[in-house]
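Down below is the structure, laid out as structure tokens.
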Amino acid sequence: MNDDMLLDDFERPLADLCTDDTLRAIEAGASANALWRAIDSLGFTDALLPEARGGAGLSLRELFAPAFAAGRAGLALPFAETAVARALLAAAGRREAGGDGPIAIAPATAHEGDAIVCRDVPGGALAQWVLVGWQAHWLLLPRERAVMQPGAWRPLVSASLHWDTPALAVARFERGDADATALCNALHAAGMAGAMARVLELTTAYAQDRRQFGRPIAQFQAIQQELAVLAEQAHSATLAARLGCSAEGWQPDALLAAVAKLRACEAARGVAAIAHAVFGAIGITEEHVLGFYTRRLHEWRQAPGTEAQCARLLGEAVLARPEGLLDAVRLRLAAAVHD
């Protein structure tokens, strides 16, 4: 299916559903149930299911466009995660376990005993379920049974989650080759790319409208330089995110997903800093929509896998190959895109 068609078909209704007022209300603690029902009714959350089960049989490569659109719209709910989770549950014969609610995906951190801890889950406070990669299994855990610690960047939307025992899971099945961290890296990179695209739009429009000394600040060379760097960072994140989602099935290549998340994290720092520098004080006010996107970018940077985790994975993979850095990149990272 054509990516541009998928992007347009999902982005148009999202623009009507994810208004600035809606984003503000959800960030302030309003219920997101009505918004989720409207988004779920569009059918994209079932897009990875086989056609025989009411889906479209899409791959992760094709899911990139809707995931990017969700990030650009500022959607706080775990849309892309739900689409992948439903596909995994359906493949395991447990599709009914997740129902119609939003499902976050998260790896469990190492913890003593039977307790399951998932740190910094984007949209975790809004999810009905969390599909947790734990040991050799997937566990579908009810979010309402978890002890929640509010997220640092969006305390009413995201959270770290703690369950006392895996016995609380309503579904448990083998992970196989699927990896929660790799999935999160690929999906979060796509969302981050979309958010950075929106930050670029907002910043460019403001620079063209804001006048200083009788002309738009976008005409000043210093601002033009900053906008050029911002655009470069945002577009590079989009290209990397496409790389991370380049799988034909549901499971991304772990190294390509790490490349995508690392590049998105590095770009996000510069994008957020430049945008707030151009906007000045108005950009940090609660009333302005810019902060919704930059806070979320910083939140994604902290979510597993972090910049450090992705860099370590890539470094170890390159050092383990005998041919050296350039050939490792050429043969292991670039060639996979053209398979």
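The values are calculated or read from the model by the stated rules, or taken from the named source; none is laboratory data. All values derive from a computational prediction rather than experimental measurement. Virtual Cβ from ideal backbone geometry, glycine too; neighbours counted across all protein chains shown. Side chains included, ligands, DNA and RNA excluded: accessible areas come from the protein's heavy atoms. Shrake-Rupley method; radii C 1.70, N 1.55, O 1.52, S 1.80 Å.
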### Message
Going by what's in this entry, would LEU313 be described as at pLDDT 75 or above and surrounded by fewer than 19 Cβ atoms within 10 Å (Cβ to Cβ)?
### Response
no
### Query
In this structure, does ALA228 turn out to be more than 15 Å from the chain's Cα centre (by Cα) and open to solvent by 50 Å² or more (accessible area, probe 1.4 Å)?
yes
### Summary
The residue from ARG211, ARG263, ARG198, ARG269 that alone is surrounded by fewer than 17 Cβ atoms within 10 Å (Cβ to Cβ) and at pLDDT 95 or above is ARG269
### Task
Consider only pairs whose beta carbons are under 8 Å apart and that are at least six residues apart or on different chains; among these, list those whose first residue lies in the stretch 47-63 and is within 12 Å of VAL84 (Cα to Cα) and open to solvent by less than 40 Å² (accessible area, probe 1.4 Å) and whose second residue is part of a helix (DSSP H, G or I) and among the basic types (Lys, Arg).
LEU48/ARG86; LEU49/ARG86; LEU49/ARG95
### Query
Can you pull out the residues in the stretch 23-56 that are at pLDDT 95 or above, over 27 Å from ALA92 (Cβ atoms) and not aliphatic (A, V, I, L, M)?
SER31
### Task
Select from the stretch 231-260 the residues that are farther than 16 Å from ALA193 by Cβ and not aliphatic (A, V, I, L, M) and write down the one among them that is surrounded by the fewest Cβ atoms within 10 Å (Cβ to Cβ).
GLU248
### Task
List every residue pair whose Cβ atoms sit under 7 Å apart, with the two residues 6 or more apart in sequence or on different chains, where the first one lies in the stretch 195-209 and is part of a helix (DSSP H, G or I) and the second, anywhere, is among the basic types (Lys, Arg).
ALA195/ARG72; ALA195/ARG296; ALA197/ARG72; ARG198/ARG72
### Query
Given the structure, is GLU112 more than 17 Å from ALA180 (Cα to Cα) and of a type outside the set (A, V, I, L, M)?
yes
### Query
How many residues does the stretch 163-194 contain that are surrounded by fewer than 21 Cβ atoms within 10 Å (Cβ to Cβ), in a loop (DSSP other than H, G, I, E, B), in contact (Cβ under 8 Å) with a residue 12 or more places away in the chain and not hydroxyl-bearing (Ser, Thr, Tyr)?
6
### Message
Being assigned to a helix (DSSP H, G or I) and closer than 14 Å to CYS184 by Cβ is the filter here; which residues of the stretch 242-255 pass it?
### Response
GLY244, ALA254
